[in-house]
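**Q** Structure provided below as structure tokens; questions to follow.
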Amino acid sequence: MSLPLLAEAVTVSGTEKETAAVIFLHGLGDSGHGWADAMTAIQLPHVKYICPHAPRIPVTLNMKMTMPSWFDLMGLSPDSPEDEAGIKRAAENIKAIIDHEAKNGIPANRVLLGGFSQGGALSLYTALTCQQQLAGVVALSCWLPLHKSFPQAASASGNRDMPILQCHGEMDPMIPVQFGAMTSEKLKVIVNPQKITFRTYPGLMHSSCPQVKGDFGCNMHEYQCSICVNISL
């Protein structure tokens with residue numbers, strides 16, 4: 001297991017016995033700190049929130065500048081070259097965190113993966129290639145990495161019936177909402193299409209907002225959606 005990834009993560013502990021976990025992955029150049037604050041705002045007492053920091057690596061898209069990044073990025077279009085080895089390595093590191101939580105009493109089917117932008121992309125790829133059944137995925141303003149390898153890449157996945165919530169700003173200039181819609185359609189041939197929810201937000205650019213965080217929170221607080229049921233008490 002990548003011990004530094006977990007050891008250095010920002011963790012928001014539950015206020016009661018922890019019986020579920022949310023692993024939330026930040027976007028390019030960010031850290032887990034800001035999203036840990038967001039998780040605190042929607043915290044459930046029995047849930048542990050884990051917000052890891054991506055390693056610092058040179059990023060081709062940003063003129064090889066070194067910054068926090070889960071894997072290298074060459075471009076942001078569906079046809080851009082991709083860092084296949086880096087994506088797969090990052091996914092294994094996240095799966096190692098899931099395994100660690102399972103060994104410490106929180107089974108994989110009580111673990112929700114989530115992320116924003118590059119972190120959301122990694123959360124989707126990790127879940128769809130994970131043999132263990134997970135609670136679900138919340139994917140914000142993102143895409144599916146190595147999309148041409150699916151559905152074959154998910155042939156051994158335990159998550160073909162997993163609920164996925166996608167949220168995307170309609171004015172996103174970095175990852176256009178059309179890419180989010182294409183991802184949603186692709187997901188429908190990988191997992192049960194009835195479990196896919198794709199929500200768009202008028203006027204929202206490449207960022208989150210109270211409404212997005214509210215929808216994320218609502219999935220865990222206000223109504224019994226599939227994800228909520230999977231990590232409820």
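The values are calculated or read from the model by the stated rules, or taken from the named source; none is laboratory data. As the structure is a prediction and not an experimental result, all values here were calculated from the model. Because the Cβ atoms are built from the backbone with ideal geometry, glycine has one as well, and the counts that use them run over all protein chains shown. With ligands, DNA and RNA removed, areas are computed over all heavy atoms of the protein, side chains included. Shrake-Rupley method; radii C 1.70, N 1.55, O 1.52, S 1.80 Å.
**Q** Toward the positive end of the charge dipole of the chain, about the Cα centre and with charges on Cβ (Lys, Arg +1; Asp, Glu -1), which of P45, T19, S184 goes farthest?
**A** Of the listed residues, the answer is T19.
**Q** Within the chain, what percent of beta bridges assigned by DSSP are antiparallel, to the nearest 5? Could the numbers behind the result be given before it?
**A** Values: 8 of 32 bridges.
The answer is about 25 percent antiparallel.
**Q** Would you mind telling me the antiparallel percentage of the DSSP bridges in region 14-74, rounded to 5?
**A** Working: 4 of 8 bridges.
Once the DSSP bridges in region 14-74 are tallied, antiparallel ones form about 50 percent.
**Q** Which percent of the accessible area of region 48-123 is formed by carbon and sulfur heavy atoms (probe 1.4 angstrom)?
**A** Working: 1680 of 3090 Å².
Of the solvent-accessible surface of region 48-123, carbon and sulfur hold 54 percent.
**Q** What order, most packed first, do the peptides 21-34, 90-103, 126-139 have when packing is the mean number of other Cβ atoms within 10 Å of each residue? Walk me through the numbers before you get to the answer.
**A** Numbers: 21-34: 21.8, 90-103: 18.6, 126-139: 23.6.
The peptides rank, most packed first, as 126-139, 21-34, 90-103.
**Q** With θ set to phi - 60°, apply the Karplus curve 6.51 cos²θ - 1.76 cosθ + 1.60 along region 53-63 and write out the HN-Hα couplings as whole Hz, x wherever there is a Gly or Pro.
**A** Rounded to whole hertz, the list is 9, 5, x, 8, 9, x, 10, 4, 4, 10, 6.
**Q** Measuring from label point to label point, each 7 Å out along Cα→Cβ, what is the T200 to D99 span in nm?
**A** 4.0 nm
**Q** Separate question: Per-residue HN-Hα couplings for region 198-204, Karplus 6.51 cos²θ - 1.76 cosθ + 1.60 at θ = phi - 60°, whole Hz, x for Gly and Pro?
**A** Rounded to whole hertz, the list is 10, 10, 10, 10, x, x, 7.
**Q** If packing is taken as the mean number of other Cβ atoms within 10 Å per residue, what is the order of 161-168, 57-64, highest first? Don't skip to the end; give the middle numbers.
**A** Details: 161-168: 23.2, 57-64: 13.8.
Final packing ranking: 161-168, 57-64.
**Q** Let me ask something else. Can you tell me how much longer the chain between M67 and A181 gets when fully stretched, taken as 0.36 nm per residue apart minus their C-alpha distance, in nm with one decimal? Can you show the working numbers first?
**A** Working: separation 114, 0.36 × 114 = 41.04 nm, distance 2.84 nm.
Extending this stretch completely gives an extra 38.2 nm.
**Q** Just to be sure I follow the rule: in the chain, considering lysines 8 or more places apart or on different chains, how many pairs have Cα atoms under 20 Å apart?
**A** 12
**Q** List, in order, the whole-Hz ³J(HN,Hα) value for each residue of region 144-157 obtained from phi through the Karplus relation with A = 6.51, B = -1.76, C = 1.60 and θ = phi - 60°; use x for Gly and Pro.
**A** 9, x, 6, 4, 6, 7, 9, x, 4, 5, 9, 4, 9, 6
**Q** In addition: Assign unit charges at the C-beta atoms only (+1 for Lys and Arg, -1 for Asp and Glu), then state the dipole size of the chain relative to its Cα centre in Debye, rounded to the nearest 20. Can you show the working numbers first?
**A** Values: 16 positive and 19 negative charges, 72 e Å.
Computed about the Cα centre, the dipole is about 340 debye.
**Q** Let me ask something additional. Which entry in [x] 31; [y] 12; [z] 43 is this structure's computed percent of Cα pairs over 31 Å apart?
**A** Answer label, from the structure shown: [y].
**Q** OK, next. What value, in deg cm²/dmol to 500, does the helix sum -39500 (n - 2.57) over DSSP H runs of n ≥ 4 give at 222 nm once divided by the residues of the chain?
**A** Calculated at 222 nm, the ellipticity per residue is -9500 deg cm²/dmol.
**Q** Another one. Would you list M171, M39 from the most to the least accessible area, probe 1.4 Å? List each step's numbers first, then the result.
**A** Details: M171 115, M39 5 Å².
Final ranking, largest accessible area leading: M171, M39.
**Q** Ordering R110, R89, R160 by accessible area with a probe of 1.4 Å, largest first, what comes out? Before the final figure, lay out each step's value.
**A** On the way: R110 40, R89 140, R160 100 Å².
So, going from the largest accessible area down, we get R89, R160, R110.
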